[in-house]
Each structure stands twice: as structure tokens, then as C-alpha cells.
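Heads up, the thing below is written out as C-alpha cells.
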Amino acid sequence: MPTMTEVSANCDALKLRIKPEVSGLIDRAAALCGINRTDFILEAAKAAAEEALLDQRQISVSPKAYTEFLNRLDQPSMPNERMRKTMQSSAPWENA
């Protein structure tokens with residue numbers, strides 16, 4: 001198990017000023033998750049960062065591939081057994 005000095009040497013420090021009501025909210029959520037405030041904040045920040053980066057992904061294709069993609073989107077879907085079953089079943093909120 002690494003010592004605190006070894007852990008500290010491999011990590012950056014991040015200092016935050018947060019309002020007491022936000023701190024309390026985070027603490028309650030962290031406790032419900034069974035983790036400490038730091039781990040909760042780091043997990044949430046990491047998830048938000050990954051999502052922000054994924055939202056900015058671009059896929060580059062040739063003009064020919066893009067035209068083919070658009071053509072396929074414009075074609076009507078071909079019915080199949082799974083689609084028929086889905087269209088004939090009630091929505092979950094309709095059964096309540």
C-alpha cells in the first residue's frame with residue numbers, strides 16, 4: 001500500500017471554495033454513495049469532463065460516404081417482426 005507521501009507526489013491538489021449549502025448537498029450525496037466528498041466530487045467532475053469531450057467528437061468521412069449515409073436516413077425503414085411487435089404493444093405509461 002502506498003504511503004501518503006507517495007500518493008501526494010503523484011497527485012495534483014485542487015482547492016475549492018463552496019457555499020455551505022452546496023457542501024452539505026455534496027456530503028449527503030457522497031454519504032448515500034458510500035464515498036467521501038473528495039471521491040464524489042472527483043467522480044462527478046471526471047464524468048462531466050468525459051461527457052463534454054465526447055459531445056465535441058467529430059467523425060470525418062468522405063463526401064461519398066456522407067451522401068450514402070444521408071440516402072440511407074431518407075429511406076423508409078423496412079418493417080420486421082420486432083418492429084411490428086413494438087408498434088402493437090402499449091407504452092409502459094399507458095398500462096398504469
Take R82 and decide whether it is of a type in the set (D, E, K, R), within 25 Å of the chain's Cα centre (by Cα) and exposed (fewer than 10 other Cβ atoms within 10 Å of the Cβ).
no
Any residue in segment 33-59 that is of a type in the set (A, V, I, L, M) sitting within a Cβ distance under 9 Å of a residue that is exposed (fewer than 12 other Cβ atoms within 10 Å of the Cβ) and part of a helix (DSSP H, G or I)? List the pairs, counting only those 6 or more apart or interchain.
none
Look through segment 85-96, keep the residues that are open to solvent by 100 Å² or more (accessible area, probe 1.4 Å) and polar (S, T, N, Q), and return whichever of them is modelled with the lowest pLDDT.
N95
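Yes or no, residue by residue, for (1) part of a helix (DSSP H, G or I); (2) among the hydrophobic types (A, V, I, L, M, F, W, C); (3) loosely packed, with under 10 Cβ neighbours inside 10 Å:
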position	(1), (2), (3)
D12	no, no, yes
S23	yes, no, no
D27	yes, no, no
T38	yes, no, no
E43	yes, no, no
K46	yes, no, no
L54	yes, yes, yes
R57	no, no, yes
R72	yes, no, yes
Does Q58 fit the bill of being within 20 Å of the chain's Cα centre (by Cα) and modelled with pLDDT under 95?
yes
Here's a check for you: in segment 1-10, which residue that is hydrophobic (A, V, I, L, M, F, W, C) and in a helix (DSSP H, G or I) is modelled with the lowest pLDDT?
M4
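The values are calculated or read from the model by the stated rules, or taken from the named source; none is laboratory data. Note that this is a predicted model, so its numbers are computed, not measured. FYI the Cβ positions are ideal-geometry reconstructions off the backbone, even for glycines, and counts take in every protein chain you see. SASA here: full protein model, heavy atoms, side chains in, ligands and nucleic acids out. Shrake-Rupley method; radii C 1.70, N 1.55, O 1.52, S 1.80 Å.
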